[in-house]
Amino acid sequence: EPEVTQTPSHQVTQMGQEVILRCVPISNHLYFYWYRQILGQKVEFLVSFYNNEISEKSEIFDDQFSVERPDGSNFTLKIRSTKLEDSAMYFCASSANRDEQYFGPGTRLTVT
Amino acid sequence: GENVEQHPSTLSVQEGDSAVIKCTYSDSASNYFPWYKQELGKRPQLIIDIRSNVGEKKDQRIAVTLNKTAKHFSLHITETQPEDSAVYFCATRETSGSRLTFGEGTQLTVNP
C-alpha cells in the first residue's frame, strides 16, 4: 500500500537558520498539505497546495514559511529563519480529493 | 473559524469493553468528519470517516455517528483490545475548504 514519505526524520537546527523539510506524497494524489504538532498537543493545519499553488493557509503560515513542488514527486516546506517556537513535529499529508488525507511519518524539528 | 471540542481527554477501559469518544464542532458548513488514531511517535492514521449526508458508518469494531443538527459526532469502539490503546483525534473539514481542524485528542488505554 503506497504511503507518504518524509525526510529527514529528525532535524536539529540553530535559531535563525533555514530548514527545508521534504515529502513525497502518494503518487496519484492531487492535494498536498503540511500540518504541525507540538509535543503533546493537537495537530494544526499549516497549508494546503493544489494545482501548483497554495489553496489555503492558516495564520501560523506567515512569511517565514513557503512551500514548493519542485518536480513531479517532491513537496517541500521551507522555514526561512527558524525560531524556538517552530520546534514541533511536521507532518506532510496528501489526498486524491480534499477528503481522506493520509499522513507521512513526520519530521521532528528541534530549534536550539 | 471552526472550533472542535473533544471529550474525554483520557479514557481507560477494560479489554472487551466499549469506548466512546465525542466531538462537537461550531461551523455548520463542515461536511466531512474523519477520525485518526495516533500511536506514540507515529503518524496520525485515518481509521474511519463520515460525510454529512450519512448519519452512521461502521467498519468492523469501529463506528462513527453524526448529528448535524446538534453539531456533534462520536467514535464508538466495541470489544476493545490492548492494541486499540492510542490517542484518537477527531477532525472536521468545511465544505469549501481543504484544511482539517482537529480536536485536542483522547488518550485511550485498554487494560488487559
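Can you tell me which residue within the stretch B:21-45, out of those that are over 10 Å from the mean Cα position of the chain (by Cα) and hydrophobic (A, V, I, L, M, F, W, C), is nearest to B:E94 (Cα to Cα)?
If we take residues in the stretch B:21-45 being over 10 Å from the mean Cα position of the chain (by Cα) and hydrophobic (A, V, I, L, M, F, W, C), then B:A29 is nearest to B:E94 (Cα to Cα).
Can you tell me which residue is modelled with the lowest pLDDT among those in the stretch B:23-40 that are assigned to a loop (DSSP other than H, G, I, E, B) and under 27 Å from B:D84 (Cα atoms)?
Ranking the candidates gives B:L40 first.
For the condition exposed (fewer than 13 other Cβ atoms within 10 Å of the Cβ) and of a type in the set (S, T, N, Q), what is the one hit in B:Q38, B:Q6, B:Q60? Steps first, answer last, please.
Numbers: B:Q38 fails: exposed (fewer than 13 other Cβ atoms within 10 Å of the Cβ); B:Q6 fails: exposed (fewer than 13 other Cβ atoms within 10 Å of the Cβ).
Answer to the selection: B:Q60.
Across the stretch B:58-85, what is the total count of residues that are within 14 Å of chain A (Cβ to nearest Cβ) and more than 29 Å from A:L46 (Cα to Cα)?
Final tally of qualifying residues: 1.
Among the residues of the stretch B:33-51, are any among the hydroxyl-bearing types (S, T, Y) and either away from chain A (no Cβ under 14 Å) or over 27 Å from A:M89 (Cα atoms) (or both)? Don't jump to the end; show me each part of the working.
Start the filter on the stretch B:33-51 by keeping residues that are among the hydroxyl-bearing types (S, T, Y), which leaves B:36.
Applying the additional criterion that residues be either away from chain A (no Cβ under 14 Å) or over 27 Å from A:M89 (Cα atoms) (or both) yields none.
No, there is no match, as no residue in the stretch B:33-51 is among the hydroxyl-bearing types (S, T, Y) and either away from chain A (no Cβ under 14 Å) or over 27 Å from A:M89 (Cα atoms) (or both).
Could you tell me which residue of the stretch A:45-72 is nearest to the other protein chains (Cβ to nearest Cβ), considering only residues that are among the charged types (D, E, K, R) and over 11 Å from the mean Cα position of the chain (by Cα)?
The extreme case among them is A:E56.
Here are some residues: B:V64, B:V87. Which one is under 30 Å from A:T5 (Cβ atoms) and either in contact with a Phe, Trp or Tyr (Cβ under 8 Å, 6 or more places away or on another chain) or free of Cβ contacts under 8 Å to residues at least 12 places away in the same chain (or both)? Working first, answer last.
Numbers: B:V87 fails: either in contact with a Phe, Trp or Tyr (Cβ under 8 Å, 6 or more places away or on another chain) or free of Cβ contacts under 8 Å to residues at least 12 places away in the same chain (or both).
Going through B:V64, B:V87 in turn, the sole match is B:V64.
Please determine, by comparing only the residues of the stretch B:86-99 that are more than 17 Å from B:K22 (Cα to Cα) and buried (at least 16 other Cβ atoms within 10 Å of the Cβ), which one is farthest from the other protein chains (Cβ to nearest Cβ). Steps first, answer last, please.
Step one: filter the stretch B:86-99 for residues more than 17 Å from B:K22 (Cα to Cα), giving B:94-99.
Pick out the ones that are also buried (at least 16 other Cβ atoms within 10 Å of the Cβ) and you get B:94, B:97-99.
Values: B:E94: 10, B:G97: 6, B:S98: 4, B:R99: 4 Å.
Across the stretch B:86-99, the extreme among qualifying residues is B:E94.
Being surrounded by 12 or more Cβ atoms within 10 Å (Cβ to Cβ) and in a loop (DSSP other than H, G, I, E, B) is the filter here, so list the residues in the stretch A:39-60 that pass it. It would help to see each step written out before you state the result.
Kept after step one, since they are surrounded by 12 or more Cβ atoms within 10 Å (Cβ to Cβ), are these residues of the stretch A:39-60: A:41-50, A:54-58, A:60.
A:Q41, A:K42, A:S58, A:I60, listed by residue number.
Would you point out the residue of the stretch A:93-110, among those that are at the interface with chain B (Cβ under 7 Å from one of its Cβ atoms) and part of a loop (DSSP other than H, G, I, E, B), that is surrounded by the fewest Cβ atoms within 10 Å (Cβ to Cβ)?
Looking at the filtered set, the residue picked out is A:E100.
The values are calculated or read from the model by the stated rules, or taken from the named source; none is laboratory data. Every value quoted in this text rests on a predicted model; they were computed, and no experiment measured them. When we count neighbours, we look across all protein chains shown, and the Cβ atoms used for this are built from the backbone with ideal geometry, even at glycine.
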